[in-house]
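The values are calculated or read from the model by the stated rules, or taken from the named source; none is laboratory data. Just so it is clear, the model here is predicted, and its values are computed rather than measured. Using ideal geometry, Cβ is built from the backbone for each residue, glycine included, and neighbour counts are taken over all protein chains shown. To get the accessible areas, we keep the full protein, side chains included, count just its heavy atoms, and leave off ligands, DNA and RNA. Shrake-Rupley method; radii C 1.70, N 1.55, O 1.52, S 1.80 Å.
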Number of protein chains: 2
Amino acid sequence: MLLRQVRIALTAFVVTVSLLAAGSACAKEFFEISDGELKRPTGYREWMYIGTPLTPNDMNNGKAAFPEFHNVYIDPESWAEWVKSGEFREGTILVKELVSVGSKAAVSGNGYFMGEFIGLEATIKSKKHFPSEPGNWAYFGFSTPDYSSIKATSTKFDTETCNACHQAAAAQDWVFTQYYPVLRAADAERKQEKTQ
Amino acid sequence: MLLRQVRIALTAFVVTVSLLAAGSACAKEFFEISDGELKRPTGYREWMYIGTPLTPNDMNNGKAAFPEFHNVYIDPESWAEWVKSGEFREGTILVKELVSVGSKAAVSGNGYFMGEFIGLEATIKSKKHFPSEPGNWAYFGFSTPDYSSIKATSTKFDTETCNACHQAAAAQDWVFTQYYPVLRAADAERKQEKTQ
């Protein structure tokens, strides 16, 4: 009787684990688009961090295109795919959170130190959603013009506004991987493993 | 008969979930110390990112104390505790990964853009391991003097080398939370929820 219960319990466990595994194997989207409007992403600070370019206002005539620190994240499933293949999967979303410069000196030296969150941008690669965009990448901005608040939704920018520049200057597939050491390190690690 | 199997299967599932929950409730340490030597942390790029101070060499007479970008991470269990309480738990580890400046101009403007990983530092709060350190915080460095490679282990620095300065200048519990907007935002969110 006990053996029978254990066997049934084990079967239940295996089924549970299989269901969980199957669930995670399904391609999941970390964004919500309806009627062409992308809902402001949330929870991205717990995604995978990949790098922080900095374009401070004081090095850009007081008016940086994207002020000032840009914390960049990739969704966890796209990160897993990047680790595996070095490619950005269908449904990749990258989020760029803007942070003001709070201070230029600390006990560690002179430099740039983060202040407050002031803006949010995102880009999504999706053939399904953006069949006509070059590389299937579309770009969104949630920052208000004065960087005082974050909008709830965003329509995509015209191709010329962001996509064209990414296509011309980004190192890989419209993404500035040249400035994201976390992506490059994962790439190098995979390549090294393959040669061993 | 079927009902009975379903009931047993459900029980097995509940037991499994309870065991998993109990496991995650146990305080887990994300570091390994033996004979006073901290093993070089790994996997931290998938921990919780909290901020990037920047002290470039060219703003510090060619020789920043910590060159140059400092990507700072907290282990996931300590992050969960911070979200809940705004305190650093016994066993907190913060990792600071150093990244060189790779470029000072891009299509997004003038600024500082990340190059290569060049160094690794860590701090741990533990009454168990460091009963005599002020605040129970100990500091470790894995960077070599020329920042060309990362050491496999590290003994803790003397209290005067790091701890004293953190105690004097850090905003909360030896941590420079004033420069980590991710921590401050979680703090603000919790406080706001409490007043609602």
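Before moving on, here are some points about what is shown:
- Looking across the stretch B:108-126, the residues that are within 7 Å of chain A (Cβ to nearest Cβ) and within 17 Å of residue B:144 (Cα to Cα) come down to B:116, B:117.
- Only one of B:158, B:146 that is over 16 Å from the mean Cα position of the chain (by Cα) and more than 16 Å from residue B:66 (Cβ to Cβ): B:158
- Residue under evaluation residue A:107, criteria (1) over 25 Å from residue B:54 (Cβ atoms); (2) surrounded by fewer than 18 Cβ atoms within 10 Å (Cβ to Cβ), criterion not met: (1)
- Qualifying residues in the stretch B:80-107 (those that are touching a residue at least 60 places away in the same chain (Cβ under 8 Å) and under 10 Å from the mean Cα position of the chain (by Cα)) - the one farthest from the other protein chains (Cβ to nearest Cβ): B:93
- Positions within the stretch B:169-196 being within 8 Å of chain A (Cβ to nearest Cβ) and among the hydrophobic types (A, V, I, L, M, F, W, C), in sequence order: B:169, B:176, B:182, B:185
- Remark: pairs (first residue in the stretch B:31-52, under 22 Å from residue A:95 (Cβ atoms); second residue open to solvent by less than 20 Å² (accessible area, probe 1.4 Å) and polar (S, T, N, Q); Cβ separation under 6 Å; 6+ apart in sequence or on different chains) = B:52/A:52; B:52/B:71.
- Where strands (runs of 3 or more DSSP E) sit wholly within the stretch B:86-196, those with at least 2 residues that are within 30 Å of residue A:166 (Cα to Cα) and charged (D, E, K, R) occupy B:92-106.
- Every residue from the stretch B:131-167 that is open to solvent by 60 Å² or more (accessible area, probe 1.4 Å), touching a residue at least 40 places away in the same chain (Cβ under 8 Å) and of a type in the set (Phe, Trp, Tyr): B:147
- Within the stretch B:52-79, restricting attention to residues that are open to solvent by 30 Å² or more (accessible area, probe 1.4 Å) and more than 10 Å from every other protein chain (Cβ to nearest Cβ), the residue that is farthest from residue B:41 (Cα to Cα) is B:62.
- Test: residue in the stretch B:136-158 that is away from every other protein chain (no Cβ under 11 Å) and within 21 Å of residue A:73 (Cβ to Cβ): no
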